[in-house]
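The values are calculated or read from the model by the stated rules, or taken from the named source; none is laboratory data. Since the model is a prediction, treat every value here as computed from it, not as a measurement. Neighbour counts are summed over all protein chains in view; Cβ atoms, including those assigned to glycine, are modelled from backbone coordinates with ideal geometry. We work out accessible area using only protein heavy atoms, side chains counted, and drop any ligands, DNA or RNA first. Shrake-Rupley method; radii C 1.70, N 1.55, O 1.52, S 1.80 Å.
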Amino acid sequence: MDQLGSRAPKKRSRALAVPVGLALTASLAFLPAISASAAPLGGAADTATAAKADTSGPKLSYVANLNAYATVKAAKKAVERAGGTVVTAYEQIGVVVAHSQNPDFAKQLRAQRGLFVSVGATRTAPMSAARTTEEGATQQLSAADAAKAAAVAQEGQEPLEPNQWDLRTIKADKAHKINDGSRNVTVGIIDTGVDDTHPDLAPNFSKGQSANCVGGVADTTEGAWRPYPDGSDHGTHVAGTIGAARNGIGVSGVAPGVKIAAIKVSEPGTSLFYTEAVVCGFMFAAEKGIEVTNNSYYVDPWLFNCKSDDDQKALVEAIGRAAKYAERKGTLHIASAGNSNQDLAAASLEDTTSPNDTTPVPRTVDPKVCLDLPTQLPGVVTVSATGDKGLRSYYSSYGLGVVDVAAPGGDKWQVPDTPDANGRVLSTVPGGGYGYKQGTSMAAPHVAGVAALLKSAHPSATPSQLQAMLKAQSTKAVCPTQIYDAAGTLIDATTCTSKWGQTGYYGYGVIDALKAVK
């Protein structure tokens with residue numbers, strides 16, 4: 001039975017589902033100028049205080065966001081006084097990651113307004129040794145389907161390319177005849193890990209720009225970026241769509257000439273994507289000179305992060321600072337809209353899945369103030385999914401003024417005229433294999449690949465300029481009269497609205513790889 005990915009109910013790839021985060025302060029320059037001098041500086045008394053800190057609670061991870069003039073040194077001492085342990089500190093953005101078993105840890109730090117803007121737990125469940133946005137389980141490519149595709153492959157095509165209706169939809173096959181992309185451009189796949197030993201991925205994989213960020217600290221040891229032995233194939237599938245090499249093996253990526261890197265941020269066992277790992281992912285991408293990141297997930301455990309909640313407010317702030325820092329360093333972020341078939345521009349939405357790491361408590365949220373992270377952050381390109389017939393995929397979330405562009409994510413009800421007649425997206429999976437997935441998780445990497453082609457053609461383009469080109473070069477799409485529902489029945493597309501040259505289903509339109517290389 002099909003399951004949603006992060007962008008689907010739970011979670012977590014944007015293969016079909018993803019949670020929403022709140023808008024955040026753009027940079028430290030906009031934070032209140034509060035002096036840190038009022039905070040105690042530490043000493044023998046601090047040590048005694050820390051020793052007396054309550055440790056009766058579960059061990060949780062926290063992010064603490066500093067005021068503009070607070071120092072990391074003072075913040076670390078405050079963390080220790082409250083019974084916490086500093087995991088890492090990002091002085092560039094004023095964010096400290098800490099662990100604590102003190103039930104009042106966040107409350108005690110929030111009281112120190114001379115140091116902190118916000119402090120919050122990144123999870124509701126005790127730490128243990130993520131989710132994504134795909135819709136349904138992976139369908140492995142059979143030997144028979146592989147043989148059928150290879151038998152009709154034309155000269156210049158990869159053996160399985162006849163089944164890649166998605167490449168032809170965005171004219172990537174024509175773009176490849178002009179430019180495959182530059183080796184000077186890297187797309188960072190912030191996800192569940194990538195199998196860099198796959199023969200279609202190894203030629204373009206950049207080990208020096210890859211890491212495991214789970215826990216909040218980048219681990220760059222050999223293979224740390226690979227999926228867990230019992231882990232998800234999500235990141236590897238995304239990687240193939242972006243940058244599978246044109247090497248006479250298997251499939252082709254949208255930008256087969258660029259480099260790809262893996263930044264693993266999903267927890268082992270649960271595949272949950274927690275804030276400290278995502279912050280680490282954005283910061284690592286920034287420092288490693290990665291030009292584009294693909295984010296086919298939502299940040300757990302909240303599908304929507306509301307600033308009215310102290311914990312969720314802190315998560316929005318921390319991720320927002322990290323994303324904005326990377327953008328200022330030249331990184332464009334692409335994210336999936338989610339697989340919940342929700343209107344992200346609606347006045348209210350029902351969230352029945354949060355928190356997803358303990359017991360969900362149904363709530364009604366306003367998506368304009370309770371945002372999906374990272375897809376609704378300023379500067380992030382939000383992507384909805386389409387099928388072979390050009391209709392919005394039945395699972396894809398949407399929203400006028402929220403969705404920027406659309407791309408092929410697959411739809412099992414929109415059956416293509418291909419050897420396999422499979423409406424999902426075919427790409428790489430761990431162990432050297434290939435499989436089909438559908439979800440906004442599959443749509444976002446098509447946009448990341450086109451963004452990489454644009455960056456290859458315009459090396460000096462800034463993230464905002466790349467985003468403007470993606471929108472301007474997209475193929476305009478009007479609201480359809482009908483779309484498929486989850487049962488495969490054609491229904492009236494009454495939820496599609498249009499204004500400002502955009503539609504709620506497709507944003508500015510479906511991305512175009514050919515225009516990107518011309």
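See the values below:
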| item | result |
| --- | --- |
| Considering residues of region 166-178 that are open to solvent by 10 Å² or more (accessible area, probe 1.4 Å) and part of a helix (DSSP H, G or I) only, the residue nearest to S474 (Cα to Cα) | T169 |
| So V265, is it buried (at least 24 other Cβ atoms within 10 Å of the Cβ) and touching a Cys at 6+ places or on another chain (Cβ under 6 Å) | yes |
| Given (1) under 20 Å from S210 (Cα atoms); (2) more than 18 Å from the chain's Cα centre (by Cα); (3) not polar (S, T, N, Q), index of the condition I249 fails | (1) |
| Residue match in region 179-193 (condition: at positive phi, assigned to a loop (DSSP other than H, G, I, E, B), open to solvent by less than 10 Å² (accessible area, probe 1.4 Å) and not aliphatic (A, V, I, L, M)) | yes |
| Subset of region 194-221 [assigned to a loop (DSSP other than H, G, I, E, B) and open to solvent by less than 30 Å² (accessible area, probe 1.4 Å)] | V194, D195, D196, H198, D200, L201, S206, S210, C213, G215, G216 |
| Odd one out for S427 among (1) open to solvent by 10 Å² or more (accessible area, probe 1.4 Å); (2) of a type outside the set (A, V, I, L, M, F, W, C); (3) under 24 Å from P256 (Cα atoms) | (1) |
| Residue count for region 99-112, restricted to those that are open to solvent by 70 Å² or more (accessible area, probe 1.4 Å) and touching a Pro at 6+ places or on another chain (Cβ under 9 Å) | 2 |
| Selection within region 430-459 - open to solvent by 10 Å² or more (accessible area, probe 1.4 Å) and closer than 23 Å to P199 by Cα | P430, G431, G432, G433, Y434 |
| Strands (runs of 3 or more DSSP E) wholly inside region 50-154 that include at least 2 residues being modelled with pLDDT of 95 or more | 60-66, 84-90, 95-100, 116-121 |
| Failed condition for G243, given (1) touching a strand residue (DSSP E or B) at 6+ places or on another chain (Cβ under 6 Å); (2) open to solvent by 10 Å² or more (accessible area, probe 1.4 Å) | (2) |
| Evaluation of P229 against (1) crowded, with 24+ Cβ neighbours inside 10 Å; (2) at negative phi (one fails), failing number | (1) |
| Output for region 79-92, where each listed residue is crowded, with 24+ Cβ neighbours inside 10 Å and either over 16 Å from T55 (Cα atoms) or among the small types (G, A, S) (or both) | A82, G84 |
| Unique residue being over 18 Å from the mean Cα position of the chain (by Cα) and modelled with pLDDT of 95 or more when the list is G338, G387, G439 | G387 |
| Pair list, Cβ < 6 Å and 6+ apart or interchain, from region 384-412 residues that are within 14 Å of I170 (Cβ to Cβ) to residues that are modelled with pLDDT of 95 or more and of a type in the set (D, E) | G387/D411; P408/D166 |
| Filter result for G289 (in contact with a helix residue (DSSP H, G or I) (Cβ under 9 Å, 6 or more places away or on another chain), surrounded by fewer than 24 Cβ atoms within 10 Å (Cβ to Cβ) and closer than 22 Å to S464 by Cα) | yes |
| Every residue from region 395-417 that is over 17 Å from the mean Cα position of the chain (by Cα) and open to solvent by less than 20 Å² (accessible area, probe 1.4 Å) | Y395, G399, G410, D411, Q414, P416 |
| Residue count for region 315-357, restricted to those that are surrounded by fewer than 22 Cβ atoms within 10 Å (Cβ to Cβ) and among the small types (G, A, S) | 5 |
| Failed item, numbered, when A224 is tested on (1) assigned to a loop (DSSP other than H, G, I, E, B); (2) more than 20 Å from G250 (Cβ to Cβ); (3) open to solvent by 40 Å² or more (accessible area, probe 1.4 Å); (4) not polar (S, T, N, Q) | (3) |
| Qualifying residues in region 467-485 (those that are open to solvent by 70 Å² or more (accessible area, probe 1.4 Å) and of a type in the set (A, V, I, L, M)) - the one farthest from Y398 (Cα to Cα) | A472 |
